[in-house]
Amino acid sequence: MFHDFRQILARRLALRRLFALALAACAAPALANADAFPSKSIAVVVPMSPGGATDVLARLLAQHLTQALGQPVVVENKPGATGSIGAQHVARADPEGYTLLLAPSSVAVVNPLVSKVPYDFEHDFRPVGLLAHAETVLVASSASGLKSLDDVIRYAKQNPGKLKFGSNGQGGALHLGAEFLQQAAGIELTHIPYKGASQAETALASGEIDLMVTNTISAMPHIRAGRLVALAIASPGSSRELPQVPSASATLPGYAVDTWLGLYAPARTPDAVIARLNAATNAFLGEAATQEALRNRGFEPAPGTPAAALQFQRGEAAMWEKVVTQAKARGSLE
């Protein structure tokens with residue numbers, strides 16, 4: 001009986017050794033691939049059409065990474081379904097660092113809260129790092145007579161629902177920025193969705209609507225021409241373009257609409273690959289020429305670690321979840 005027990009124990013030990021060897025054999029190619037990274041071209045997927053500010057940033061980054069990593073880095077535009085098509089493509093890609101996603105905040109945190117999407121950003125992706133923040137501003141039509149955020153709050157409380165705000169579509173980041181404003185100020189506005197931010201800004205400039213939360217850089221031509229009035233900086237911090245305009249948080253503590261861009265890889269991408277991509281990306285963001293190019297397009301460079309990017313992303317998701325939940329409760333996202 002004791003002899004039989006020793007045989008069983010020996011078999012178990014042999015099986016454990018075989019299992020450990022099998023795991024090592026599986027891990028060895030992954031480690032070797034990570035050490036050799038990159039050994040072929042890399043695709044940076046932009047989940048929207050060519051020509052926009054996000055696409056321009058992606059092409060600047062791709063040019064730098066091509067030189068820094070010694071392999072071609074190409075931009076692939078995969079628009080559609082408010083970014084879901086491009087995001088899903090990267091989520092399903094081999095986790096080797098050769099297919100990356102340049103994701104705006106709408107794709108990373110807003111869209112999954114508003115509608116059903118074919119990816120789980122928290123579990124299907126891991127951040128390489130943040131790239132940039134884009135400043136946002138609350139603007140009014142010059143025809144509205146509104147001169148400040150206090151004017152908006154005062155008028156809206158006296159005339160619930162009469163002020164109309166525009167956005168780039170139901171459930172988008174700019175729509176939710178105005179929903180957040182209503183919640184923070186305790187006011188009621190009427191939402192008028194458009195097919196894009198530029199159409200909404202044109203409608204605002206013509207006096208068709210009264211208000212909008214939008215990116216500062218796209219609103220600047222209308223502001224300079226006197227068609228729009230900048231009421232408050234909606235994003236955190238002061239404005240480079242509009243230093244004289246007060247922060248919305250000075251009137252509404254805790255109110256901030258931060259739109260941003262990050263670089264992401266599939267979830268199981270090796271740590272060594274993420275580290276190499278992060279170092280190359282931070283070098284790109286640290287260059288004076290890059291900083292000037294981004295700031296001229298309304299972006300503020302945001303270098304940092306993957307861990308910091310993940311923590312920031314989670315904080316943004318928690319904040320927007322509260323906004324979306326309350327918006328749904330009041331029927332604003334139906």
Determine which single condition Thr66 fails, assuming it passes every other condition in (1) within 21 Å of Leu261 (Cα to Cα); (2) within 22 Å of the chain's Cα centre (by Cα).
-> (2)
If you go through segment 149-168 one residue at a time, how many are in contact (Cβ under 8 Å) with a residue 60 or more places away in the chain and open to solvent by 10 Å² or more (accessible area, probe 1.4 Å)?
-> 3
Which of the residues spanning segment 49-69 are open to solvent by 60 Å² or more (accessible area, probe 1.4 Å), more than 19 Å from Ala289 (Cβ to Cβ) and either of a type outside the set (S, T, N, Q) or modelled with pLDDT of 95 or more (or both)?
-> Pro50, Gly51
Find the residue count for segment 113-148, including only residues that are surrounded by fewer than 20 Cβ atoms within 10 Å (Cβ to Cβ), of a type in the set (Gly, Ala, Ser) and closer than 20 Å to Thr82 by Cα.
-> 1
Note on Ser235: of the conditions (1) closer than 12 Å to Val137 by Cβ; (2) open to solvent by 20 Å² or more (accessible area, probe 1.4 Å), unmet is (2)
For segment 292-304, enumerate the residues that are surrounded by 15 or more Cβ atoms within 10 Å (Cβ to Cβ) and more than 18 Å from Asn215 (Cβ to Cβ).
-> Pro303, Gly304
Within segment 251-274, which residues are in contact with a strand residue (DSSP E or B) (Cβ under 9 Å, 6 or more places away or on another chain) and either surrounded by fewer than 19 Cβ atoms within 10 Å (Cβ to Cβ) or among the aliphatic types (A, V, I, L, M) (or both)?
-> Thr251, Leu252, Ala256, Val257, Leu261, Leu263, Ala265, Ala267, Arg268, Val273, Ile274
Near pairs, Cβ below 6 angstrom, 6+ apart or cross-chain, from segment 305-316 (over 13 Å from Leu263 (Cα atoms)) to any residue that is open to solvent by less than 50 Å² (accessible area, probe 1.4 Å) | Glu316/Val109
Considering residues that are open to solvent by less than 20 Å² (accessible area, probe 1.4 Å), in contact with a strand residue (DSSP E or B) (Cβ under 9 Å, 6 or more places away or on another chain) and either assigned to a strand (DSSP E or B) or not aliphatic (A, V, I, L, M) (or both), the number found within segment 70-88 is 3
Of everything in segment 208-232 that's under 23 Å from Gln182 (Cα atoms) and charged (D, E, K, R), which residue is surrounded by the fewest Cβ atoms within 10 Å (Cβ to Cβ)?
-> Glu208
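The values are calculated or read from the model by the stated rules, or taken from the named source; none is laboratory data. Just so it is clear, the structure is predicted and the values come from calculations on it, not from any experiment. Cβ sites come from the backbone with ideal geometry, for glycine too, and all protein chains shown count toward neighbours. Each accessible area value is taken on the protein alone, full model and side chains, heavy atoms only, with ligands, DNA and RNA left out. Shrake-Rupley method; radii C 1.70, N 1.55, O 1.52, S 1.80 Å.
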